[in-house]
1. Taking one equal scatterer on every alpha-carbon of the chain, how large is log10 of I(q)/I(0) by Debye at q = 0.10, 0.13, 0.14, 0.21 1/Å?
2. Suppose R0 equals 35 Å. What FRET efficiency, 1/(1 + (r/R0)^6) with r the Cβ-Cβ distance, do residue 64 and residue 10 give to the nearest 0.05?
3. Helix 57-77: angle to the longest alpha-carbon principal axis of the chain, degrees 0 to 90, nearest 10?
4. For the pairs 32/65; 42/65; 9/32, flag any whose C-alpha to C-alpha distance is greater than 22 Å.
Amino acid sequence: MNIASGIPKFVSLGMIQQEGNPYVRDDTVFIKIMVDFGDMPKTLLPYTMSLNPGLPINVQKDMIKEETERRTQLQTRQ
């Protein structure tokens, strides 16, 4: 049995169910997602991808910033 998870406000049910919407065709949902990691170092990608996507963006950004600072401090100690 799966535990329910996700982002409940990702898209409203009304938008998906409306006639002629561009997201549903023949009982299939189409979602396009674009991810831009910009200036993020590649070593931080696994950490970033492990964050809970349900957290607000500003919280995720703060966590990534703190992890970046933590790693920088570890490197300067070595």
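Bear in mind that the values in this text are calculations on the coordinates, not laboratory data. None of these values were measured; they are calculated from a predicted model. So basically every Cβ, Gly included, is an ideal-geometry build from the backbone, and we count neighbours across all protein chains shown.
1. Log-scaled intensity ratios, in q order: -0.42, -0.63, -0.70, -1.07.
2. Efficiency for this residue pair is about 0.95.
3. Roughly 20 degrees between the two axes.
4. 32/65
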